[in-house]
Amino acid sequence: MAYIGRFAPTPSGPLHFGSLVAALASYLDARANQGRWLVRIEDLDPPRTAPGSIDAIFRCLEAFGLHWDGEPMYQSLRQDAYQHALSQLQQQQLVYACSCSRSQFVSNPDYSCNCRQTAPSSQPVAMKVIAADTRFTVQDLILPPQTQHLAQQVGDFVVQRKDQLFAYQLAVVVDDAAQNISHVMRGSDLYDQTPRQAWLQACLQLPQPHYAHIPIITNTQGQKLSKQNLAAALDLKQAPALLSEALERLGQATPCNFRQAPVAEQLAWAVEQWDIKAIPARKQDPIAFA
Ligand SMILES: [Zn+2]
């Protein structure tokens, strides 16, 4: 199987150091395996797309020398593919309409949805997929294999929201298959969700890529760097030093005085020396600099 990797940012704001580490890991693993590296813009929720942020993501990747192959994919243009997948699930009677409101779940932690048993209301409904009533194990190239009993531990989950937007779980599975992704290397915040994606792949008869989850970069309070907690945008003028720092986060031993080397030189070296086994097998990595 030809290696095809991908970086899939959400354009809700500028890329930060955590995004750089994720992009770099997937880029290096693809290039070290003579693979292709694709970009997918996860603009599933267009109102959340910050103006100008998609262009800023492309400029940022270029400034770090992370050149992608082919044309980027945009989730906002993929509604027909997601609708088709939902129809496939409907034909197999694997989905049902749920009219529960978010506030019902929020106000009562023990609230359980009975919509699978009851007729759908005339209210706007979300579509939920029936979780596998069995144990599910997904292998990981960095973290331990993960076993979940989806029905008991996760329950049925939403594949299309009440506002008609398709859920991330469905979109990511459909898009990984459409782009023939063989290897998904991404932040460990998505590790727990992988069995759900594996279940959808099984339901839709899609191939399962290899998964590799890298430590997410957190702030000093242990929160994942994100726009919500005001992670600083990457300073493109500091690209060589930041790239070198990102390589160190991935456990790759960099030569002395590497921080001043041009990004192209750092990347060429890193592809040559790439060692996936050196990536720390942990879920989090607190940021060490401001
Ligand atoms: Zn419900």
Restricting to the stretch 95-110, what's the tally of residues that are part of a loop (DSSP other than H, G, I, E, B), modelled with pLDDT under 80 and within 9 Å of the ligand (Cβ to nearest atom)?
-> 0
Gly70 meets each of (1) in a loop (DSSP other than H, G, I, E, B); (2) farther than 30 Å from Gln205 by Cβ; (3) under 22 Å from the mean Cα position of the chain (by Cα) with one exception, condition (2)
Across the stretch 12-41, the tally of residues that are among the aliphatic types (A, V, I, L, M) and modelled with pLDDT under 95 stands at 1
Residues in the stretch 209-242 that are in a loop (DSSP other than H, G, I, E, B) and either under 22 Å from Phe58 (Cα atoms) or out of contact with any Asp or Glu (no Cβ under 9 Å at 6 or more places or on another chain) (or both) total 15
Taking Ala119 as the residue in question, decide whether it is over 20 Å from Ala177 (Cα atoms) and touching a residue at least 40 places away in the same chain (Cβ under 8 Å).
-> no
Determine whether the stretch 48-61 contains at least one residue that is at pLDDT 95 or above and either at positive phi or not in a helix (DSSP H, G or I) (or both).
-> no
Given (1) touching a Gly at 6+ places or on another chain (Cβ under 8 Å); (2) surrounded by fewer than 16 Cβ atoms within 10 Å (Cβ to Cβ), number of the condition Leu267 does not satisfy = (2)
Qualifying residues in the stretch 199-208 (those that are among the aliphatic types (A, V, I, L, M) and in a helix (DSSP H, G or I)) - the one surrounded by the fewest Cβ atoms within 10 Å (Cβ to Cβ) | Ala202
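Table: residues versus (1) in the same structural domain as Ala246 (by TED's automatic domain parsing); (2) surrounded by 14 or more Cβ atoms within 10 Å (Cβ to Cβ).
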residue: Ile57; (1), (2): yes, yes
residue: Pro72; (1), (2): yes, yes
residue: Leu89; (1), (2): no, yes
residue: Gln93; (1), (2): no, no
Can you tell me how many residues in the stretch 112-140 are more than 9 Å from the ligand (Cβ to nearest atom) and surrounded by 10 or more Cβ atoms within 10 Å (Cβ to Cβ)?
-> 16
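The values are calculated or read from the model by the stated rules, or taken from the named source; none is laboratory data. Treat the numbers as computed from the prediction; the structure is a model and nothing was measured. Neighbour counts run over all protein chains shown; Cβ positions are idealised from the backbone, glycine included.
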